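S.K.: Pasting in a structure now, in structure tokens, and then I'll have a few things to ask.
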Amino acid sequence: MAATRDKTALIVIDVQNDFCPGGALAVGEGDAVVPVANRLMAAYPLSVLTQDWHPADHASFAANHDGAAPFSTTEMPYGTQVLWPTHCVQESAGAAFHSDLETGRAKMVVRKGFRPEIDSYSAFFENDRETPTGLDGYLRDLGIGHLVMLGLATDFCVHDSVVDGLALGYRVTLVEDGCRGIDLDGSLDAALADMREKGAVFAISDAL
Ligand code: VGL
Ligand code: ZN
């Protein structure tokens with residue numbers, strides 16, 4: 001029986017060592033989101049963590065494209081792809097969650113980006129925009145209709161997760177102080193504007 005979708009889930013995106021200071025794809029102040037995530041995980045009964053989880057031969061790594069510089073772009077069958085420094089390799093220390101993140105509070109961990117030939121920013125779909133991660137089915141089964149989202153990086157994985165969540169019919173609240181961005185060529189402002197325009201509600205964590 002389909003549950004009434006009146007519940008809220010907290011979705012914590014990619015709070016992993018490689019996206020924090022000292023990591024392979026460090027986001028400025030990335031570790032600043034950890035206390036925010038911990039506070040909210042203590043407050044919401046259902047929290048989900050996502051974990052970027054790439055094989056070493058992943059197609060999104062510049063090192064796997066002859067002569068390509070990190071942060072350059074290439075065309076993939078599914079569209080333009082940024083080529084990243086090698087990051088979040090399965091089982092590596094960089095792929096682990098930040099050691100202060102209270103992961104024991106999470107009810108579900110979604111790994112993504114494990115198919116060698118396709119990247120996956122969103123918690124819901126890979127970058128071909130059609131291969132599902134399974135998260136939507138999980139949340140629907142549990143009667144979730146509202147997502148409170150935060151994490152790293154604002155302009156890539158958080159943005160794509162928020163936009164997909166809205167397209168799938170969830171109400172989405174973005175925790176502004178719980179996110180930090182990479183900002184390639186203005187991508188941060190563009191991502192914030194796009195999420196707002198598509199219907200995300202912006203909030204600070206103290207107000208939640
Ligand atoms: C991310 C770039 C590559 C993210 C993941 O978590 O935003 N960005 N892989
Ligand atoms: Zn990645």
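S.K.: Taking the alpha-carbon distance from LYS198 and a cut-off under 26 Å, which lysines remain once sequence neighbours fewer than 8 residues away in the same chain are dropped?
M.R.: Candidates past the 8-residue exclusion: LYS7, LYS112.
S.K.: Suppose every K and R has +1 on its Cβ and every D and E has -1 on its Cβ; what is the size of the dipole of segment 110-208 about the Cα centre, in Debye to the nearest 20?
M.R.: Charge dipole, segment 110-208, about its Cα centre: 380 debye, nearest 20.
S.K.: For segment 25-130, which whole percent of the accessible surface, found with a 1.4 angstrom probe, sits on carbon and sulfur atoms?
M.R.: Percent of accessible area from carbon and sulfur atoms in segment 25-130: 52.
S.K.: Whole-Hz ³J(HN,Hα) for each residue in segment 121-128, computed from phi via Karplus 6.51 cos²θ - 1.76 cosθ + 1.60 with θ = phi - 60°, x for glycine and proline: what do you get?
M.R.: 8, 6, 5, 9, 9, 6, 5, 6
S.K.: For the chain, with only Lys/Arg (+1) and Asp/Glu (-1) charged at the beta-carbon, what is the dipole magnitude about the Cα centre, in debye rounded to 20?
M.R.: Its charge dipole is roughly 860 debye.
S.K.: Pick out, from SER92, VAL12, VAL27, the residue whose Cα sits farthest towards the positive end of the charge dipole of segment 3-96, with +1 on the Cβ of Lys and Arg and -1 on the Cβ of Asp and Glu.
M.R.: Projecting each Cα onto the dipole axis, the largest value belongs to VAL12.
S.K.: Dipole of the chain (Lys/Arg Cβ +1, Asp/Glu Cβ -1, origin at the Cα centre): which of SER120, GLY145, ALA193 lies farthest to the positive side?
M.R.: Looking along the dipole axis, the top candidate is GLY145.
S.K.: Still on this structure: What size of dipole, in debye to the nearest 20, comes out for segment 1-102 about its Cα centre when the only charges are +1 on Lys and Arg C-beta atoms and -1 on Asp and Glu C-beta atoms? Mind dumping the intermediate values first?
M.R.: Values: 3 positive and 12 negative charges, 82 e Å.
The dipole of segment 1-102 has a size of about 400 debye.
S.K.: Could you list which residues have their amide H under 5 Å from that of PHE125, counting only those 5 or more apart in sequence or on another chain, with H placed in the peptide plane?
M.R.: THR133
S.K.: Taking amide hydrogens as modeled 1.01 Å from N in the peptide plane, which residues meet the under 5 Å criterion relative to GLN16, leaving out close sequence neighbours?
M.R.: Counting only residues 5 or more places away or on other chains, the set is HIS98.
S.K.: Right, here's the next one. Could you pull out the GluC sites (Glu not before Pro) across segment 125-193 that fall in loop regions by DSSP (anything but H, G, I, E, B) with no more than 10 other Cβ atoms inside 10 Å?
M.R.: GLU130
S.K.: Under 10 Å from the Cβ of GLN51, count the other residues' Cβ atoms, weight Lys and Arg +1, Asp and Glu -1, and hand me the total.
M.R.: Neighbour charge sum, excluding GLN51 itself: 0.
S.K.: On C-alpha positions alone, give me the angle between the axis of helix 33-43 and the longest principal axis of the chain, in degrees, nearest 10.
M.R.: Relative to the chain, helix 33-43 is tipped by roughly 30 degrees.
S.K.: Here's another thing I want to ask about it. With a 10 Å radius around each residue's Cβ, average the other Cβ atoms per peptide and rank 75-87, 141-153, 33-45, highest first.
M.R.: The most tightly packed comes first, giving 141-153, 33-45, 75-87.
S.K.: Using the alpha-carbon centroid of each, what span in Å lies between segment 12-44 and segment 113-157?
M.R.: 17 Å
The values are calculated or read from the model by the stated rules, or taken from the named source; none is laboratory data. Nothing here was measured: the structure is a model prediction, and the numbers come from that model. Quick reminder, even Gly has a Cβ in these numbers, built from the backbone with ideal geometry, and neighbours come from all protein chains shown. Only protein heavy atoms, including side chains, enter the accessible area calculation; ligands, DNA and RNA are left aside. Shrake-Rupley method; radii C 1.70, N 1.55, O 1.52, S 1.80 Å.
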